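What follows is a set of notes on a single structure, which appears directly below.
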Amino acid sequence: MCAVETSDYFLPQLMMLEKDAQYVDEDGNPDIDTKEHAEVIEYIREMLELGICEIAPGGGVHTEEWYGHLNSGGVASLSMPLWYMGRFTDYCPDLKGKMAIYEVPVWNEGDTREVLQGGTGTSVLKYSENADLAKEFLAFAKLSEDGNKYEWNILGFDPIRTSLWEDPEITENKENKFLSYFTTNPFDILKKNGTDLTAPNISGGYAATAAVLFSTTYANAFELDTETPAEDLLEMEQASIVYDNE
């Protein structure tokens, strides 16, 4: 039915963000030993036990093992951000015309269905010889309507300029490889969900925390140490995070 990662965190993080829970606290300190996190782990464990969920081959949804499994119809559903459309068009040619995009499930009616995950960090280096020109280009590429059109048509990044959600040249272009691949229109979901967004706090110890989540936490939780209660497991995992906020 669905899959969970052991060397990544997209599914558990999605479920946590819907609970308004984060991997770090407001000050950026690692904070994975929480009631909400334990609830998410136990819920996924139950899905695994019932055969509703499986461990993603290769440990994540960006591995060659996983792409082959997905393309062969080995899993029925996947909860990922819209930018993952490009993985389908690039790695799963056999699924064209067989996949649909719907709203993500939520814990309770009224919970936000707009969860931000992943993304490509873009910056201008402070020692760039042409910093002003680089900033001008990034502003065009990331913020302008024309730049958003390029990003959508080439990369499949849903436009942050919401005016384009109503532009039929964008939303109804059957020659667009993303619109022609899926049986539903992603812009219908964007317009229905609106802009009530929730996003991960990536400050402070987020990177150090993610390193532990990727290397041990979810492998232990879902595959190697499934008998240890999630609360106890998270207490041990929290203690293994190395972060100096000084």
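Here are some notes:
- Residues of the range 29-45 that are more than 11 Å from Ala230 (Cβ to Cβ) and either at pLDDT below 95 or among the acidic types (Asp, Glu) (or both): Asp31 alone.
- For the range 185-226, the candidate set comprises residues that are acidic (Asp, Glu) and in a helix (DSSP H, G or I); within that set, the residue that is nearest to Tyr23 (Cα to Cα) is Glu223.
- Condition check for Asp111: among the acidic types (Asp, Glu), surrounded by fewer than 17 Cβ atoms within 10 Å (Cβ to Cβ) and assigned to a loop (DSSP other than H, G, I, E, B): yes
- Selection within the range 209-246 - surrounded by fewer than 17 Cβ atoms within 10 Å (Cβ to Cβ), over 16 Å from Ala56 (Cα atoms) and under 20 Å from the mean Cα position of the chain (by Cα): Ala211
- Subset of the range 119-159 [assigned to a loop (DSSP other than H, G, I, E, B), surrounded by fewer than 13 Cβ atoms within 10 Å (Cβ to Cβ) and not aromatic (Phe, Trp, Tyr)]: Gly119, Thr120, Gly121, Thr122, Ser123, Leu125, Lys126, Ser128, Glu129, Asn130, Ser144
- Any hit, the range 199-214, residues being free of Cβ contacts under 8 Å to residues at least 40 places away in the same chain and of a type in the set (Ser, Thr, Tyr): no
The values are calculated or read from the model by the stated rules, or taken from the named source; none is laboratory data. Keep in mind it's a predicted model, so treat the numbers as computed, not measured. Note that we place each Cβ from the backbone using ideal geometry, even for glycine, and neighbour counts take in every protein chain shown.
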